[in-house]
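Only one structure is covered here, and it is reproduced in the block below.
The values are calculated or read from the model by the stated rules, or taken from the named source; none is laboratory data. What you see is a predicted model; the values in this text were computed from it and never measured. Heads up, the Cβs are rebuilt from the backbone with ideal geometry, glycines too, and the neighbour counts pull from every protein chain shown. Surface accessibility is based on the protein's heavy atoms, side chains included, excluding ligands, DNA and RNA. Shrake-Rupley method; radii C 1.70, N 1.55, O 1.52, S 1.80 Å.
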Amino acid sequence: MTERSVSSAGSAALPRVIPLGLGAMLGAGVLLAPAPATAIAGPWVPLAVPVAVVTAWCAALAVRCQAESYRTPGAGYVGVRDKLGTVPGRIAAGTGLFGHAAAMAAVAGAAARHLPTPQSLTAVSLPLFAVFVSTAGLRIRGAAGWLWLVPPLAAVAVVITACLTITPVDSPAAPANGPLAVTGAAGVLFLAFAGFERLSVPARGTGRSLSAVVGRALPTVLLVVGVVLTVLLSVLLYQLGSARLALSPAPLLDALRAADAAALTSGVGLGVALAAFPVLLAVLESARPTGTALVADGELPLLARRGGPSGTPVPFDLAVAAVAASLAWFVEPELAVSVAACCLLVHYALVNAATRVLLLRGRKLPRRTACLGMGLSVILAMSMPVPAMGITLGVAVGAPLLAGLGQRVRRSGRELPHEYHPGGPDTP
């Protein structure tokens, strides 16, 4: 394919690719970002948005580089395993998969809170429903992708208009966490930009992603989402104050009530809940490449068989959804957000490190963005709340141990008929 044909193909694909990233990022940003990020940084939270944007951009470039080099599903994990070793590869895979499951739990829990009649079982059932819909073959593509942008954008527009129309009442000031807390808030906000995976991984059935598509769509999407999220956070701070916003289980609805627009809460809540559906599908699809690579390596033998009618790996999808449903039942969405963000930051720190090794003799700019992404990912992960760091540490330690134990069991099972003779060599 010539350079001109790649460029024209990329330009033609842009209208199809951009809504994939926008839908995932806007939905996650509206659902997950405001309260937990404000709880960490207080009134400084808008400053965390550009830090999260830069971190996501570096991670996306690293994933794109790995995808174009290895041209295989799960190229991020494959690159870490190839360049850094088996144990770092297993850590990257474990934190990546658990981070995606925790993200599904957080999205499901937050969506359930915005429904007119919130129910705990709703949060548990949403990840399983996403698997059912994906297995049935539903894909949000083309014009449908643009239509699914309407609910989050409409909800944000209504909330911004209502909050700026009514003068807020005085609210108690939150303790000043200081600008150093911006990194912790940026770690939480990073999850809102995790939809970049839809733009930077290879399309299904192709060997690589088009550089023209990624290079042009990614900055556009990150900029748009960053601006929308900054405006939304500023407006919510204006209407609720940092103390009330940090404690709010549903900030958009509470802002409407504070702005004397409680009549709009049902419609906005339904729109926000609908915005969660593309996010759940996006997170599930983003987890599959790593699962495919692990199955190919023999790390997940029990999930290697039986594809669905649409070709999706049903056992793997159900395993991820089961973990997400369990987390949604036992863990509050705020903690699930922090766990998901911390796990994914560790995952992308390793991906950036592997990209840095891969590009030792390459161009300077990609090497520097990989170094920057690795440093930012580590700093943001180390700034997360202690419970989230503790769970992430458990995943990072447990994933290689479980994988190594599984490998040992499989080897012993294969070697048993040749090495073990209970009755001795003369036994008939």
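If a residue has to be modelled with pLDDT under 70 and either touching an Asp or Glu at 6+ places or on another chain (Cβ under 6 Å) or surrounded by fewer than 21 Cβ atoms within 10 Å (Cβ to Cβ) (or both) to count, how many in the stretch 169-201 make the cut? Reasoning before the result, please.
Initially, the stretch 169-201 is screened for residues modelled with pLDDT under 70, giving 170-179, 200-201.
Cutting the leftovers down to either touching an Asp or Glu at 6+ places or on another chain (Cβ under 6 Å) or surrounded by fewer than 21 Cβ atoms within 10 Å (Cβ to Cβ) (or both) gives us 170-179.
Qualifying residue count, the stretch 169-201: 10.
State the number of residues belonging to the stretch 343-399 that are in a helix (DSSP H, G or I) and under 25 Å from E332 (Cβ atoms). Break it down stepwise before answering.
Our first condition is that a residue be in a helix (DSSP H, G or I); within the stretch 343-399, this holds for 343-358, 364-382, 386-399.
Filter again for under 25 Å from E332 (Cβ atoms), leaving 343-348, 377, 380-382, 386-399.
Qualifying residue count, the stretch 343-399: 24.
Open to solvent by 20 Å² or more (accessible area, probe 1.4 Å) and in a helix (DSSP H, G or I): is that true of L126 in this structure?
Details: open to solvent by 20 Å² or more (accessible area, probe 1.4 Å): yes; in a helix (DSSP H, G or I): yes.
When the stated conditions are applied, L126 passes them.
The rows are residues; the columns are (1) farther than 30 Å from R64 by Cβ; (2) surrounded by fewer than 21 Cβ atoms within 10 Å (Cβ to Cβ); (3) modelled with pLDDT of 90 or more.
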{"residue": "L223", "(1), (2), (3)": "no, yes, yes"}
{"residue": "L240", "(1), (2), (3)": "yes, no, yes"}
{"residue": "L252", "(1), (2), (3)": "yes, no, yes"}
{"residue": "T265", "(1), (2), (3)": "yes, yes, yes"}
{"residue": "L280", "(1), (2), (3)": "no, no, yes"}
{"residue": "V283", "(1), (2), (3)": "no, no, yes"}
{"residue": "L294", "(1), (2), (3)": "no, no, no"}
{"residue": "P309", "(1), (2), (3)": "yes, yes, no"}
{"residue": "L318", "(1), (2), (3)": "no, yes, yes"}
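Report, by residue number, each residue of the stretch 87-100 that is open to solvent by 10 Å² or more (accessible area, probe 1.4 Å) and hydrophobic (A, V, I, L, M, F, W, C).
Matches in the stretch 87-100: V87, I91, L97, F98.
State whether one or more residues within the stretch 355-367 are touching a His at 6+ places or on another chain (Cβ under 7 Å), at pLDDT 85 or above and open to solvent by less than 40 Å² (accessible area, probe 1.4 Å). First the steps, then the outcome.
In the first step, residues of the stretch 355-367 are kept if they are touching a His at 6+ places or on another chain (Cβ under 7 Å); the result is none.
Within the stretch 355-367, not a single residue is touching a His at 6+ places or on another chain (Cβ under 7 Å), at pLDDT 85 or above and open to solvent by less than 40 Å² (accessible area, probe 1.4 Å).
Looking at A328, is it among the hydrophobic types (A, V, I, L, M, F, W, C), under 18 Å from the mean Cα position of the chain (by Cα) and open to solvent by less than 10 Å² (accessible area, probe 1.4 Å)?
Numbers: among the hydrophobic types (A, V, I, L, M, F, W, C): yes; under 18 Å from the mean Cα position of the chain (by Cα): yes; open to solvent by less than 10 Å² (accessible area, probe 1.4 Å): no.
No.
Go through the stretch 1-42 and give me each residue that's modelled with pLDDT of 90 or more and either open to solvent by 40 Å² or more (accessible area, probe 1.4 Å) or charged (D, E, K, R) (or both).
A39
Of everything in the stretch 101-123, what is open to solvent by less than 70 Å² (accessible area, probe 1.4 Å) and not in a helix (DSSP H, G or I)? Give them in sequence order. Spell out how you get there, then give the answer.
Taking the stretch 101-123 as the starting set, the residues that turn out to be open to solvent by less than 70 Å² (accessible area, probe 1.4 Å) are 101-115, 122-123.
Passing the criteria: only L115.
Quick check on M384: is it within 19 Å of P88 (Cβ to Cβ) and of a type in the set (A, V, I, L, M, F, W, C)?
Numbers: within 19 Å of P88 (Cβ to Cβ): no; of a type in the set (A, V, I, L, M, F, W, C): yes.
Considered against the rule, which asks whether it is within 19 Å of P88 (Cβ to Cβ) and of a type in the set (A, V, I, L, M, F, W, C), M384 comes out as no.
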